[in-house]
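Q: I am attaching a structure below and will ask some questions about it afterwards.
None of the figures in this text is laboratory data; all of them are computed from the coordinates on show. Treat the numbers as computed from the prediction; the structure is a model and nothing was measured. When we count neighbours, we look across all protein chains shown, and the Cβ atoms used for this are built from the backbone with ideal geometry, even at glycine.
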Amino acid sequence: MTKALRYLCCGAKCLGASTKPEKETTSKKVVKGSKSKKRGSVLVQKPADTTFYGPRIFTFRELSTATKQFSAEEVLGRGAFGSVFKGTLKDGSIVAVKQIAHDSNQGEREFLAEVSIISRIRHQNLVQLQGWCHEKGNLLLVYDYMPNGSLDKLLEGNNANAKLAGWDLRHSVLRGVACALSYLHEECQQCVLHRDVKPSNVLLDENFSPHLADFGLARLIHHTTDNVQTTIIAGTRGYLAPELAQVGKASTKSDVFSFGVLALEVATGRKALEKTQSEKQAVSLVDLVWRAHEQHKLLSMADPKLEGAYDPEKMNKLLQMGLFCCHPNPEARPPMNYIRQWFIQEVPLPDLPPVKPRVNYVLTSPSPPKLALPAPEAKLAIAGPEAKLALPAPEATLAIEGPQKSSSTPSKSPSPTDNRSPAPKSPIPRSPTTPSPITSKEHTKSNGASPQPQTTPQTQPTQPSSATNGN
């Protein structure tokens with residue numbers, strides 16, 4: 001047993017799972033002269049109260065007896081993670097016991113998700129968890145029993161009360177599921193993503209009121225976070241939003257897409273994926289309804305089992321609402337709160353595009369640390385060493401530029417007209433042949449600003465012939 005299951009067992013009392021009644025103290029006067037040794041008051045314990053408020057822990061023996069040792073005759077249904085059995089407790093109440101398969105890789109994760117999520121929420125359109133059991137390597141969940149089965153059996157006609165599945169009942173079922181999803185998305189303390197909305201997870205009680213069930217794939221996120229990154233695409237094929245396969249982010253809009261497929265199934269009586277005679281592969285129901293919408297034959301998709309006993313205008317609006325929820329662009333899908341208001345008050349829906357839009361989904365990088373580094377900092381980090389090597393280059397050029405100009409002449413003193421030369425910063429006594437200020441000034445006046453005349457031969461004005469020989 002993992003640490004999570006141990007923590008779950010320890011937190012049972014916090015969820016109100018304790019079945020032991022608290023002792024109540026009542027005062028009782030002692031009659032004088034009696035031989036009783038009790039002082040002043042006694043503890044009176046009331047009979048055990050079998051009622052409980054919230055989920056509790058069942059024993060494996062208790063559930064095994066309730067389901068007749070998990071007999072095949074008591075099986076209500078089978079799923080990807082296990083089977084559901086009908087059980088009768090000692091007090092006569094009927095429950096549904098879900099047994100997680102031992103060979104299920106994600107069975108324990110589903111068990112923890114169901115107990116941690118559904119045990120803390122209450123809604124009239126959500127199935128209630130009565131308790132759980134984890135003994136001898138068995139993971140069991142106990143729910144309220146729904147006598148009218150699931151919605152998919154009702155639509156397929158396998159239910160004994162399938163004839164009652166008229167327009168009013170279908171509209172009422174969709175409204176209840178919309179209220180449940182709106183509660184999960186916006187009214188809970190934390191936003192709950194169901195991630196597996198489909199007809200088989202919608203259970204009907206004795207009054208045909210819908211109850212959304214199976215929270216094994218549900219996830220909790222903050223209301224400020226619109227999506228959650230997932231490494232494994234969870235859900236059922238045909239009900240998955242198209243962006244999940246590309247982006248891998250589940251959000252409330254992905255639940256809206258699944259609800260849209262559910263609404264189309266209820267209106268058309270068809271499955272989310274079905275094979276046609278002309279095409280060997282399974283065709284999506286969403287694509288079929290979009291084609292009918294493009295050809296202006298939307299009412300032709302209505303369920304023939306209704307035999308026309310429906311309002312054409314309301315059926316047309318229901319099909320449009322289903323396509324609106326299944327819009328390829330997640331941002332164009334309405335929130336579940338808006339859909340709930342549409343069922344209650346019939347608020348108007350935006351106009352659908354005449355043709356199914358095509359959307360390109362952008363796949364983000366799976367490594368956020370690399371994307372978090374700004375590009376300018378990376379460029380500066382790479383250009384740093386090159387910048388350090390390039391900085392001395394202008395200084396070296398300036399240092400060599402002076403000698404290069406003075407190497408053409410015997411004197412190292414710069415020309416007075418060259419303002420760029422750094423030679424004036426050097427001390428004058430370094431040049432033994434530096435001309436006097438008077439001589440250089442007279443030479444400048446006579447030759448102007450030309451840098452070509454040589455000043456070194458004029459350091460000795462009495463010997464002009466030596467200057468001529470130097471040139």
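Q: How far is it, in nm, from the label point at Ala332 to the one at Lys305 when both lie 7 Å from their Cα along the line to the Cβ?
A: Computed distance between label sites Ala332 and Lys305 equals 3.1 nm.
Q: Kindly flag which residue pairs out of Lys86/Lys305; Lys249/Lys356; Lys275/Lys305; Lys68/Lys153; Lys86/Lys249; Lys98/Lys275 have an alpha-carbon separation exceeding 27 Å in this structure. All intermediate terms of the calculation are to be shown ahead of the outcome.
A: Working: Lys86/Lys305 30 Å; Lys249/Lys356 23 Å; Lys275/Lys305 19 Å; Lys68/Lys153 25 Å; Lys86/Lys249 36 Å; Lys98/Lys275 32 Å.
Checking Cα-Cα distances, Lys86/Lys305; Lys86/Lys249; Lys98/Lys275 exceed 27 Å.
Q: Please work out how much length the chain gains when fully extended from Asn138 to Lys271, using 0.36 nm per residue of separation minus the C-alpha to C-alpha distance, in nm with one decimal. Could the numbers behind the result be given before it?
A: Details: separation 133, 0.36 × 133 = 47.88 nm, distance 3.39 nm.
Length gained, Asn138 through Lys271: 44.5 nm.
Q: Once phi is turned into θ = phi - 60°, what whole-Hz ³J(HN,Hα) does the Karplus curve with 6.51, -1.76 and 1.60 give for every residue of region 184-193, x standing for Gly and Pro?
A: 5, 7, 10, 9, 6, 4, 10, 5, 10, 9
Q: Then there's this: Full-extension gain between Arg358 and Ser71, please, as 0.36 nm times their residue separation minus the C-alpha to C-alpha distance.
A: On the way: separation 287, 0.36 × 287 = 103.32 nm, distance 5.05 nm.
Difference between extended and current length: 98.3 nm.
Q: Rounded, prolate or oblate for region 61-135? Axes are the square roots of the Cα gyration tensor eigenvalues, ordered a ≥ b ≥ c, and the cut-off for rounded is a/c under 1.5.
A: Values: a/c = 1.71, a/b = 1.13, b/c = 1.52.
Oblate, because a/c is 1.5 or more while a/b does not exceed b/c.
Q: Right, here's the next one. With a cut-off of 8 Å between alpha carbons and a minimum separation of six or more residues, what is the relative contact order of region 267-336 in percent? Let's see the in-between values first.
A: Details: 56 pairs, mean separation 20.0, N = 70.
Relative CO of region 267-336 lands at 29 percent.
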